[in-house]
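Enquirer: Take this structure, written in structure tokens, and hold onto it; I'll ask about it next.
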Amino acid sequence: MQTNNEVIDKSGETAAESQGSGKSTGFESAKNAIADKLHGFAEVLGKKTADAQSGIVHAGNRASELLEQSAEYVRQFDYHQTDTRVREYVKQDPGRSLLIAGAVGLMIGVILKRR
């Protein structure tokens, strides 16, 4: 049974999702660009620390590994799944969500006011 009169094509994508695909493509492009930059930083850091002292090499290698992991996380990040999870959380506990949003807004305001 289909809801909201949405038509599902052969690929399983709804009409609403296909209309928003322009946004998804832009998001995917930005996501891949960020992941590529993180990967590039990881490679450069790995090469630069290869010539350094042993303590710096260990720290540089660890930082390079973390950047690689971050790049992979960014590549695999699913905006739609995260959006769905956040919306579900807000529906389940709107009071807590409102308090969290207020606290984050207050912290951002304090940080910006200091500058």
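The values are calculated or read from the model by the stated rules, or taken from the named source; none is laboratory data. What you see is a predicted model; the values in this text were computed from it and never measured. Cβ placement follows ideal geometry from the backbone for every residue including glycine, while neighbour counts extend to all protein chains displayed.
Enquirer: Test residue 88 against the stated conditions and say whether it is of a type in the set (Asp, Glu), surrounded by 13 or more Cβ atoms within 10 Å (Cβ to Cβ) and over 11 Å from the mean Cα position of the chain (by Cα).
Expert: On the way: of a type in the set (Asp, Glu): yes; surrounded by 13 or more Cβ atoms within 10 Å (Cβ to Cβ): no; over 11 Å from the mean Cα position of the chain (by Cα): yes.
For residue 88, the condition - of a type in the set (Asp, Glu), surrounded by 13 or more Cβ atoms within 10 Å (Cβ to Cβ) and over 11 Å from the mean Cα position of the chain (by Cα) - is not met.
Enquirer: Looking at region 56-90 only, could you name the residues that are at pLDDT 90 or above, in contact with a helix residue (DSSP H, G or I) (Cβ under 7 Å, 6 or more places away or on another chain) and hydroxyl-bearing (Ser, Thr, Tyr)?
Expert: Residue satisfying the conditions is 89 alone.
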